[in-house]
1. Here is a list of conditions, (1) open to solvent by less than 40 Å² (accessible area, probe 1.4 Å); (2) at negative phi, and A:GLU169 meets all of them except one; can you say which number that is?
2. Across the range B:120-151, what is the total count of residues that are among the basic types (Lys, Arg), in a loop (DSSP other than H, G, I, E, B) and loosely packed, with under 14 Cβ neighbours inside 10 Å?
3. Hey, can you tell me all the residues within the range B:315-348 that are surrounded by fewer than 18 Cβ atoms within 10 Å (Cβ to Cβ) and of a type in the set (S, T, N, Q)?
4. Could you count how many residues in the range A:302-316 are farther than 29 Å from B:ASP30 by Cα and open to solvent by 10 Å² or more (accessible area, probe 1.4 Å)?
5. Could you check how many residues of the range A:277-325 are closer than 20 Å to A:LEU91 by Cα, away from chain B (no Cβ under 14 Å), of a type in the set (S, T, N, Q) and over 11 Å from the mean Cα position of the chain (by Cα)?
6. In the range A:130-147, what count of residues is obtained for those that are open to solvent by less than 40 Å² (accessible area, probe 1.4 Å) and within 14 Å of chain B (Cβ to nearest Cβ)?
7. For the range A:110-127, enumerate the residues that are surrounded by fewer than 16 Cβ atoms within 10 Å (Cβ to Cβ) and more than 14 Å from every other protein chain (Cβ to nearest Cβ).
8. Taking interchain pairs and intrachain pairs at least six residues apart, which have beta carbon atoms under 7 angstrom, with the first residue in the range B:158-173 and more than 14 Å from B:ALA212 (Cα to Cα) and the second open to solvent by less than 40 Å² (accessible area, probe 1.4 Å) and in a loop (DSSP other than H, G, I, E, B)?
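The values are calculated or read from the model by the stated rules, or taken from the named source; none is laboratory data. Predicted model only: the values in this text are computed from it and were never measured. Reconstructed Cβ throughout: ideal geometry from the backbone, glycine too, with neighbour counts over all protein chains shown. Accessible surface is based on the protein model in full, side chains and every heavy atom, while ligands, DNA and RNA are left aside. Shrake-Rupley method; radii C 1.70, N 1.55, O 1.52, S 1.80 Å.
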Amino acid sequence: MVYDSSRGALKNSAIPAENSCCRTVERDNLLPHILILAENALAHVGFLNNSSLEVPLNPVEALGAVGWTYKSVLRRFFSGSLWVPFLILLLCQALGLFFLLSFFKPWAQPVAVPLLKWVGGEASLHYPYTYQVLPVAFARLEILIGVLLASVTSGAATLLFARAFGRYETGGCWKPVLKRYPAVFAYSAILSAAIFGAFALQRVIPGEQLLTDRALRWGARLGTLAVAILIETLLVYTVAWMFLRGQSLLKAFASSIRFAGDHLLPTLLLVSIPILLKYPVSWLGGRSDLFITKFQPETVTAVLTFELILELVLSFVLVGTVTFYFLWRQEEQA
Amino acid sequence: MKHVLICFLPILVGCSGSQEFSQRFQAERDLWRADRAFQKLAIAPQLVDESQWAAAAKSYEAIGETYSRIPADADSGFVGRNIRTTRTLASQAYTRAADVWLSLGDTAQAITLYEMMEADYTGLPGVVASAALALGNVKERSRKIDQALAAYRRVFEILRESSNQTIPSKMMQIPLHIARLQEGDSAAEAYAQADSFYGAIVESEPQTLNGASAQSRLVDVATDKQDWFLAGKRLEGLEEQLKVMENPPQDPADVRMAIGQTQYQGLKHLQEGVGTWKSLLRDYPRSKIAPKALMALGNHYATTGETEKALEMFSRVTEEYPNDLETGPLARLAAARLLERADRWSEANQAFKRLPIDYPLSEAALQSHIDIIVHYERVEQEEAKQQAMVDAENALSSFLGRYPTDKNILAARQRLVILYFKQERYAEGVQELLTLSQAMRGSPQGLQFLVLAAQTAETKLGEQEQAAELFEQVSDVYAGTEAARQAAAEAKRIRESL
């Protein structure tokens, strides 16, 4: 793939010319202003030169790159086949939630009761306190689902997106991932442990202080969130390196960290936007005590369900944008 | 993978959960929802009609019926515990249903539920005792004392058999209550049984909530028998118990105060009582009972004519305990009255006038206006008395207008009645009495106000028809009482004279 300056596009690119980052901006189009600004900035910086992109982008360029990435992925928002991995994951998460909600039914008790008791003690087995504990218990279950399944679905989704972008034309999308299941499982486990560890950093601060000092409490929350975002930023390209470049897990980790380091700002934006969009809903889910006292306890279920659906959409966007950006930058460097 | 799943399936089936656990959770959920629906009605009860309350009662009954069908199980394991919890929840639903029926005036329905709970919950003595206690209360309110006693005795039997469980206060009261409902030899026997019961608890668990509660009841037994010496000794024992408890259910200073009162009023050992109150101030200076000890000392010195000492005690209440809004106004009023009796009127008048300024929401402040009028009546200063009555009426009306929901609103109305009667404004007095009787409907005080209104209407206003109607109202509202019978007779007499 080479850059064709006359067309302002990647030659022989399956990515159509209309996706070229430096076309003439038409005043009557509906691009947000930031994209217009970014596109022109990119043009001025000489982004279209054939040189390798080893120089980090400035904030405006980064914003522009992210904007273009988003635009490219959102064009495929209604491509049904791209949603399949995420829908499979959503189905498993919904079944997990249903399983927890049915904890009192005889068929669910052997597994759901110990999980609830582990999270909330004996009180969590009584109505309505079950709903107070539900978000935390479900979060623990989600870690398990994530480690077992989300790794596979994100691998398959990466390949599906790459195919949609014209960069992966041979073979299926599930078999290659399932063949390397131990590696994706290990990747998921390590990532989950690292992010869990980031949020667990809050326990360093004495609980009483956290309860009484609002500024400290929010500082701790946002601080640990920032650490979690950073961890995810550094490791987010691992799946792409594994399945689009055929690297081993350890090499893919190293490559992901290096790649993310070279493209820190855009990657930070790509990772943090979905996380920050989901954060208010996650925070609301954690305020189950409010729902129990002010509304019906079952409202917690509605919030968690909404959170799952939002996560579905944001995961689609994250995997899509990360894959697109990876491919785009790789080709620029080639 | 297939083989793993096939192996996993029998394990799952074998480890399947408990139906009883499931039922317990569903019972909790259904009861919680019913409570939430009831709370919504209770937010604005005046907007809820009888059919909605009845529907709430029926929904509670339905929950009780659903979860009472589970057969009792004496097993002490996981299954048995869940069954007992479910049946207890069902009984709570029945109890709430009975409470709603009682509030609607349907005692028959409530009695049916209580009797059913006594019969069907024999494996849960706590439930049976609560049902019997509630049944006893209903019977007692309906003046069926024998049936009430029978129910209370069933509670007593269960209490005797229960061991190492904290007994709720209203149940702990039952042996004493049984004794109080009886007379003569039966009462003496009942007091002896109560004494024995409480004594056994104190001996077996002295420094527990049960022990303290039982010791307190032993004091009541001695007081009822007017054995003040024994009451004093038992109070001393109670104070010792409370002092060593980590979270005593009662302030030990409160008990010391009671010891002083027993010595002073019961045994008539005045100096001993005074000494005890002084020791309270020394040993419990920061207790909220300390101002009451100062008041008691002040009242003692006022009785013995030691005016300055009495005034000193009263002023210490407000100086040393400025945040006590209960005793402070009483101390000020007592001081003002003492000064008035000592013919130090200018100081007394100043004290009376400062009361509503310093303690505007207190009953003492309302009383101060009346006390000023009483003084001018005593010294026969008619003009000053008239002015004082005008000032009092303005102050009381202003209080009613400014604080319509204050807890002393009825006290203000009572003072208005006194004022209207002093001014021979009987029509207005009767109106206020009717307002008071409506607000206290069903209570002995409400009865007194209604009877007084009827008597005033007949004797002072000459309104025979109104008087007859009011007496008939007494016999309706307080049906079954001696007062109601007398009121009916009065109404009949008036009607016959019309």
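1. Among (1) open to solvent by less than 40 Å² (accessible area, probe 1.4 Å); (2) at negative phi, the lone unmet condition for A:GLU169 is (1).
2. Here is the first cut: in the range B:120-151, the ones among the basic types (Lys, Arg) are B:139, B:141, B:143-144.
Those still in the list that are in a loop (DSSP other than H, G, I, E, B) too: B:143-144.
If we keep only those that are loosely packed, with under 14 Cβ neighbours inside 10 Å too, we end up with B:143.
Qualifying residue count, the range B:120-151: 1.
3. Within the range B:315-348, B:SER315, B:ASN323, B:SER346 qualify.
4. 7
5. 2
6. Going through the range A:130-147 one residue at a time, the tally reaches 4.
7. A:TRP118, A:GLY121
8. As it stands, the answer is B:LEU159/B:ILE167, since those pairs meet every condition given.
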